[in-house]
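The values are calculated or read from the model by the stated rules, or taken from the named source; none is laboratory data. These numbers were taken from a predicted model, which means no experiment stands behind them. Backbone-built Cβ (ideal geometry, glycine too); neighbour counts: all protein chains shown. Accessible surface is based on the protein model in full, side chains and every heavy atom, while ligands, DNA and RNA are left aside. Shrake-Rupley method; radii C 1.70, N 1.55, O 1.52, S 1.80 Å.
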Amino acid sequence: MKIAIFTDTFHPDINGVARTLKRLTNYLEAQGIAFKIFAPRSYSNEYHSTNIHLFKSLSFFLYPECRLAFPNLLHIQSELKAFSPDLIHVSTPFNIGLCGVYFAKKLNIPLVGSYHTNFEDYLHHYHLHFLSKIHWNYMHWFHQTCKKLFVPSLETHLQLKHHGFSNLEIWPRGVDCQLFHPHYDKNAVRNLYSIEERYLLTYVGRLAPEKDIRTLLTIAKSLPAEIKEKIHWLIVGDGPLRKELEAQAAGYMTFTGFLTGRCLAEVYSASDLFVFPSPTETFGNVVLESLASGTPVIGAKAGGVKNIIKAGVTGYLCRPGNALEFSDAIIKLLRNDGLREQMGSAGRDYALTQRWDQIFEDLIWHYTNVIDEQNRQEFIS
């Protein structure tokens, strides 16, 4: 089997799409499955491989991690003909993704797609909701020739089905439970960031409107004084709102910038609670990482997050934008150490069942079915 993947973001970019695709290519390599990646070159590209073809690009204003590339069509066609892939997988609906759709049709290669980002929600948060109809028309056109469209959660599946999409398959996300676990030295994180307060609460994600990060500030400021004085917040990530948030934040908030790998895992492990108000997630990788680290999550009851958190068991779900509900959930868990520990243990147990290997095995099974169906149709014709 040979797979060509067309994506507008890839490692070492820091976002869910890039990280998922990097894990997929690691799996393909380990299984001896040939692949090629076609992706934009970004300021952070440091990853070099003969399997990866990069093109000049500019950032996309709604989602800077996805970049608008300037692909060389003759180069792509030459590479595809030499590689002769059995399948093309497009993961983003921008310029590189369009190339994948175009060459799948031109070279008669079966096409599958994956849906990672709910751009309609982004339009709302950037006050561009009047573009909603155009957005859905484009997404239908872009994915119309996909034999399968992989979505990361049941909630996303239901949303796309409601909008008339077909050939949908759930392709969930796993978590590395060897990297993310509860047993790191919690004092090391506290010492690193000079944290003296009793409780450590954490947010991980882009600092951007679509993550409803302003609600996080409201939550922090609305807590009772006797609780607030015992809390330190770590805000992990970066984005267009960082300077504004830092200017408004009090001294009990520390902004770390992006963290990855062990540094990120240590922060999850050292945290008492993970607070995630984003209502726009198609899955919510950071939520699963927190659960794997034994840290309960208080998240927005929206998108893929509500398919990960089992309310009252591994955390709490709150109405999006409702700072009072988030604050009440925080107070309840900080005042009940036993319940918090019980939820952390249940979250870890759940995360241990979310194995990447099994998830990728299922994806390869779907790949194989699409390829076999194409071969049958060509044989009949």
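The table below gives the values:
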read-out	value
Members of the stretch 73-98 that are open to solvent by less than 10 Å² (accessible area, probe 1.4 Å), closer than 21 Å to Arg41 by Cβ and more than 22 Å from the chain's Cα centre (by Cα)	Ile76, Leu80
Those residues of the stretch 321-336 which are in a helix (DSSP H, G or I) and touching an Asp or Glu at 6+ places or on another chain (Cβ under 9 Å), in sequence order	Leu333, Leu334
For Gly294: the one exception among (1) at pLDDT 95 or above; (2) not in a loop (DSSP other than H, G, I, E, B)	(2)
Given (1) open to solvent by 60 Å² or more (accessible area, probe 1.4 Å); (2) of a type outside the set (A, V, I, L, M); (3) assigned to a helix (DSSP H, G or I), number of the condition Tyr367 does not satisfy	(1)
Of all residues making up the stretch 250-272, the number that are closer than 11 Å to Tyr184 by Cα and without any contact (Cβ under 8 Å) to a residue 24 or more places away in the chain	1
Counted residues, the stretch 265-291 - those being assigned to a loop (DSSP other than H, G, I, E, B), of a type in the set (S, T, N, Q) and under 17 Å from Ser345 (Cα atoms)	1
Residues of the stretch 125-168 satisfying the condition of being touching a residue at least 60 places away in the same chain (Cβ under 8 Å) and touching a His at 6+ places or on another chain (Cβ under 6 Å)	Lys148, Val151
Residues located in the stretch 354-364, provided they are touching a Leu at 6+ places or on another chain (Cβ under 7 Å) and either open to solvent by 30 Å² or more (accessible area, probe 1.4 Å) or at pLDDT below 95 (or both)	Gln354
Residue within the stretch 126-136 that is outside any helix (DSSP H, G or I), modelled with pLDDT of 95 or more, out of contact with any Gly (no Cβ under 9 Å at 6 or more places or on another chain) and under 26 Å from Ser278 (Cβ atoms) present	no
Residue within the stretch 111-118 that is part of a helix (DSSP H, G or I), modelled with pLDDT under 95 and open to solvent by less than 70 Å² (accessible area, probe 1.4 Å) present	no
Enumeration of residues in the stretch 301-320 that are out of contact with any Asp or Glu (no Cβ under 7 Å at 6 or more places or on another chain) and outside any helix (DSSP H, G or I)	Lys301, Ala302, Ile309, Lys310, Ala311, Gly312, Val313, Thr314, Gly315, Tyr316, Leu317
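Matching residues to (1) open to solvent by 40 Å² or more (accessible area, probe 1.4 Å); (2) within 24 Å of Arg348 (Cβ to Cβ):
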{"site": "Trp136", "(1), (2)": "no, no"}
{"site": "Gln144", "(1), (2)": "yes, no"}
{"site": "Lys147", "(1), (2)": "yes, no"}
{"site": "Gly164", "(1), (2)": "yes, no"}
{"site": "Leu179", "(1), (2)": "yes, yes"}
{"site": "Asn191", "(1), (2)": "yes, no"}
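One line per residue, one yes/no per condition, for (1) over 14 Å from Val275 (Cβ atoms); (2) open to solvent by 70 Å² or more (accessible area, probe 1.4 Å); (3) under 21 Å from the mean Cα position of the chain (by Cα):
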| position | (1), (2), (3) |
| --- | --- |
| Ile308 | yes, no, yes |
| Leu317 | no, no, yes |
| Gly321 | no, no, yes |
| Ala329 | no, no, no |
| Lys332 | no, yes, no |
| Arg335 | yes, yes, no |
| Glu341 | yes, yes, no |
| Arg348 | yes, no, yes |
| Leu352 | yes, yes, yes |
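Table: residues versus (1) open to solvent by 40 Å² or more (accessible area, probe 1.4 Å); (2) closer than 30 Å to Phe150 by Cα; (3) among the hydrophobic types (A, V, I, L, M, F, W, C).
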{"residue": "Thr218", "(1), (2), (3)": "yes, no, no"}
{"residue": "Trp233", "(1), (2), (3)": "no, no, yes"}
{"residue": "Gln248", "(1), (2), (3)": "yes, no, no"}
{"residue": "Leu259", "(1), (2), (3)": "no, yes, yes"}
{"residue": "Ala265", "(1), (2), (3)": "no, yes, yes"}
{"residue": "Ser271", "(1), (2), (3)": "no, no, no"}
{"residue": "Val275", "(1), (2), (3)": "no, yes, yes"}
{"residue": "Gly284", "(1), (2), (3)": "no, yes, no"}
{"residue": "Val287", "(1), (2), (3)": "no, yes, yes"}
